[in-house]
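Undergrad: I'd like to ask you about the structure that follows.
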Amino acid sequence: MSNLKSSHLDYPTVETWFICWDNSRTLITSYDSVTPMQTMISPWDETDYYENEEVWLQVLLDNGINPFPEPED
């Protein structure tokens, strides 16, 4: 029997953004979005879901992550 936990989201009704955290919720381990045509499975149990991209983006920025960096010349 395994004690591993995971998160999953199957075919949400709207595009849904997610942020996965380590168990202490101090380190973001993954982030992205899931469309109504997709399924997301993550090995991380601590996962937050957002239907508002601006709220998702602000959480990432508050944690020092810019998912949309400017291209370098």
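Coordinate-derived values only; no laboratory data. This structure is a prediction, so every number in the text was calculated from the model and none was measured. When we count neighbours, we look across all protein chains shown, and the Cβ atoms used for this are built from the backbone with ideal geometry, even at glycine.
Undergrad: Tell me, which strands (runs of 3 or more DSSP E) wholly within the stretch 28-72 include 2 or more residues that are charged (D, E, K, R)?
TA: The qualifying strands (runs of 3 or more DSSP E) are 46-50.
Undergrad: In addition: Does any residue in the stretch 20-42 that is among the acidic types (Asp, Glu) come within less than 8 Å, Cβ to Cβ, of a residue that is in a loop (DSSP other than H, G, I, E, B) and surrounded by 14 or more Cβ atoms within 10 Å (Cβ to Cβ) six or more places away or on a different chain, and which pairs are these?
TA: Matching pairs, first to second residue: ASP22/TRP44.
Undergrad: Looking only at the stretch 33-47, which residues are surrounded by fewer than 13 Cβ atoms within 10 Å (Cβ to Cβ), over 9 Å from PRO12 (Cβ atoms) and either among the polar types (S, T, N, Q) or within 10 Å of the chain's Cα centre (by Cα) (or both)?
TA: THR39
Undergrad: Which ones in the stretch 1-27 are surrounded by 12 or more Cβ atoms within 10 Å (Cβ to Cβ), of a type in the set (A, V, I, L, M) and outside any strand (DSSP E or B)?
TA: Scanning the stretch 1-27 gives no hits.
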